[in-house]
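The values are calculated or read from the model by the stated rules, or taken from the named source; none is laboratory data. Just so we're clear, the structure is a prediction, and the values are computed from it rather than from any experiment. Cβ: placed from backbone, ideal geometry, glycine included. Neighbour counts: every protein chain shown.
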Amino acid sequence: MNEQATQGIVAVRQNMDYCSSCAVCSTLCPYEALKKDAETGKITLDVTKCQVCGLCYANCPARVIDILYYDLDSLLAYLEKARQETASDTLIIMCRGSAPDIEGVAELFGTSSFIPLLVPCVGRIPDEVYLKALLMGINNINVLACDVDYCRFERGSTTTGRKIIALNLLLDQLGYGRDIITLKRHSLKVKVDANLCIACGNCVFFCPYDAAELKSPGGITFDLSACRGCGLCVAMCPAIALELENWEQERISQLINRFSLEVEPPKILVFRCQWASFPPLNGQPAPNVRFIDLPCASRIDRFHILEAFQKGVDGVMIAACSEDDCKQEKASGRAQHSVANLGERLGQIGFKERLHFCTVSPRYPEELDKELEQFSQRIKELGKGG
Amino acid sequence: MIVTTQKPLDEVLGFIAPYSNVLIAGCDGCTQPPRGLRESKTLSQLLELAGRLQNKGFNFKVTTVAKQCDNYLAASILKPQMDDVEAVLSLACGIGVQTLAEVFPEIPIFPAQNTHFMGAEEREAGILEERCAGCGDCLLAVTGGICPIARCSKGLLSGACGGSKDGKCELSADRDCAWCLIYEQLKKQNKLHLLKESRPPRDYQLSGWRVTT
């Protein structure tokens, strides 16, 4: 990570005055960012390894950890506001890794009226949020977590499962009943249209998880238990025969269409890996910027980039994780390569400067803002696109 | 596979500039990745953007053919789509383009790709190299599966020349000496004696221009 960024705001901090070195955080941390020093017994934080999952924040018994996104105060403020605005007494806490869109979530839980809370990992929700939600008059709390082996933060889903069992036991003793918090696990995976598949085998080469197999005769099959939903195969399929649940080509096209109409010039569209930057709760983008979250930067489809330009967007930015931070086996490197490839072709028609690929991390929240500011400036100088 | 690369977009734009209704025909055949439906769509989007800068509007139809070099397949897929089409932009190799030109003699067919050779790709490096020269008299059984005609700069048939150095060709330090590769391969297979056997002269007529099935 560059030096400049490390000097700026950091998303996770320890307040060592309260730390009793219990090591709950270092036991939970999936990335060895928090470690117990063998000599001093103190817990140390190596921010460069932190992926801002928030497991340490949610589970530290002494509240030593400060976290910038989705901390207790902002979660509670969000719930208070949503409770007033929504007539529903049902809360659905969703992990962005496995939650379909609002309609999809409604279908999964069989309810159309609920308070949605979308977070980068349900494992980061502290106990207090569940308890305070009940105090606010919310009577049903549903949690949508990723399937255990689909969890981008490795331990987020299992930790949530245990937390909910413990909370339900506690709530039962308090007289709220045993099943007040329910947990559903889900994941979003590839879909094949066998009628469109031309059996070229590109997906076999690109899949980071060896989920695709091409047999001759027999064609393509996907081992869905191995698929982890990065979307790289979908973006690379020469026959447009693959789709990723919730990130279907048509759905993204609709978003591009809507955003291109509502955004102010100079129009900037950012395709953002949902692990590269976390949007604040209740945050609003600048009037000339819109974000489309992707499951991984590798789902970036050149079709969508070009479509944005066709719809009058002046600049397209792709915000990805670095290869080292990538939750999908370095698939972001493939994304970088394919964006560079498209950039070279766009260069032939004078559009190259209007496409920008950058790598950012939620651990340095200013990174995305800086990239966006520089890119906006460049687009402003370039003026109106084709 | 047959190796092709995209022509510069301004060249392609020059081909289709006089026309408005253009069919972009992909080919799902030999290249990897195939220049199929996705590539046809991408090209139509790029050309539309380029055309817009020149105040030129196109009406593109995009489609793909399983193998453009098969005149029956090409005709059956494309004929029903040819109403109002003034020109076709083909993403196939030179063979596919020529097949379409035969199937639709009244309509101009333009290549969107340059065709290089029959080759294979080192995918991680993204490098494509010629592997077969289509000589009609395959030698691979005695050369350890490495073709000296396609892969030796000089197409030598009886061993390395004096320009082979450290396993590389004298013409380019990037290029492996095919005869060094053949030697190493035969050594692994304990078949170095093959190099000492004399072979009758090659029949160059076999490379020919026409064969019958």
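I'd like the full set of residues that are of a type in the set (Lys, Arg) and surrounded by fewer than 21 Cβ atoms within 10 Å (Cβ to Cβ), limited to the stretch A:324-344.
So the first thing to find is which residues in the stretch A:324-344 are of a type in the set (Lys, Arg), and the list is A:327, A:330, A:334.
Across the stretch A:324-344, the qualifying residue is only A:Lys330.
Regarding the stretch A:288-295, can at least one residue be identified that is touching a residue at least 12 places away in the same chain (Cβ under 8 Å) and crowded, with 24+ Cβ neighbours inside 10 Å? Yes: the stretch A:288-295 contains one or more residues that are touching a residue at least 12 places away in the same chain (Cβ under 8 Å) and crowded, with 24+ Cβ neighbours inside 10 Å. So which residues in the stretch A:135-163 are part of a helix (DSSP H, G or I) and either at pLDDT below 95 or more than 18 Å from A:Pro116 (Cβ to Cβ) (or both)? Within the stretch A:135-163, A:Leu135, A:Val148, A:Asp149, A:Tyr150, A:Gly156, A:Ser157, A:Thr158, A:Thr159, A:Gly161, A:Arg162, A:Lys163 meet the criteria. Taking the options A:Asn139, A:Asn195, A:Asn168, name whichever one is surrounded by 15 or more Cβ atoms within 10 Å (Cβ to Cβ) and either on the phi < 0 side of the Ramachandran plot or away from chain B (no Cβ under 14 Å) (or both). Within the list A:Asn139, A:Asn195, A:Asn168, the selection yields A:Asn168. No other residue among A:Cys56, A:Cys25 is modelled with pLDDT of 95 or more, out of contact with any Ser or Thr (no Cβ under 9 Å at 6 or more places or on another chain) and in a helix (DSSP H, G or I) apart from A:Cys25.
If you filter the stretch A:325-373 down to residues that are acidic (Asp, Glu) and outside any helix (DSSP H, G or I), you find that the one that is nearest to the other protein chains (Cβ to nearest Cβ) is A:Glu329. Summed over the stretch A:208-242, the residues that are more than 19 Å from A:Asn341 (Cα to Cα) and assigned to a loop (DSSP other than H, G, I, E, B) give a count of 16.
Just the residues that are farther than 17 Å from B:Pro111 by Cβ and either of a type in the set (A, V, I, L, M) or facing chain A (nearest Cβ under 9 Å) (or both), please, taken from the stretch B:52-64.
Of the residues in the stretch B:52-64, the ones farther than 17 Å from B:Pro111 by Cβ are B:52-59, B:61.
Hits for the stretch B:52-64 are B:Arg52, B:Leu53.
Looking across the stretch B:14-34, the residues that are within 19 Å of the chain's Cα centre (by Cα), more than 7 Å from chain A (Cβ to nearest Cβ) and crowded, with 22+ Cβ neighbours inside 10 Å come down to B:Ile24, B:Ala25, B:Gly26, B:Cys27, B:Gly29, B:Thr31. Which of the residues belonging to the stretch A:333-374 are closer than 27 Å to B:Leu53 by Cβ and touching a Gly at 6+ places or on another chain (Cβ under 6 Å)? Scanning the stretch A:333-374 gives A:Lys352, A:Arg354, A:Leu355.
The sole residue among B:Glu48, B:Glu39, B:Glu11 that is assigned to a helix (DSSP H, G or I), crowded, with 17+ Cβ neighbours inside 10 Å, without any contact (Cβ under 8 Å) to a residue 40 or more places away in the chain and within 13 Å of chain A (Cβ to nearest Cβ) is B:Glu48.
The numbered conditions (1) in a loop (DSSP other than H, G, I, E, B); (2) surrounded by 18 or more Cβ atoms within 10 Å (Cβ to Cβ) are all true for B:Gly57 except (2). Within the stretch A:70-122, being part of a helix (DSSP H, G or I) and in contact with a Lys or Arg (Cβ under 6 Å, 6 or more places away or on another chain) holds for one residue alone: A:Leu76. Just one of the listed residues (A:Gly229, A:Gly175) is at positive phi and out of contact with any strand residue (DSSP E or B) (no Cβ under 7 Å at 6 or more places or on another chain), namely A:Gly175.
The set of residues in the stretch A:299-324 being in contact with a Gly (Cβ under 6 Å, 6 or more places away or on another chain) and part of a helix (DSSP H, G or I) consists of A:Arg299 alone.
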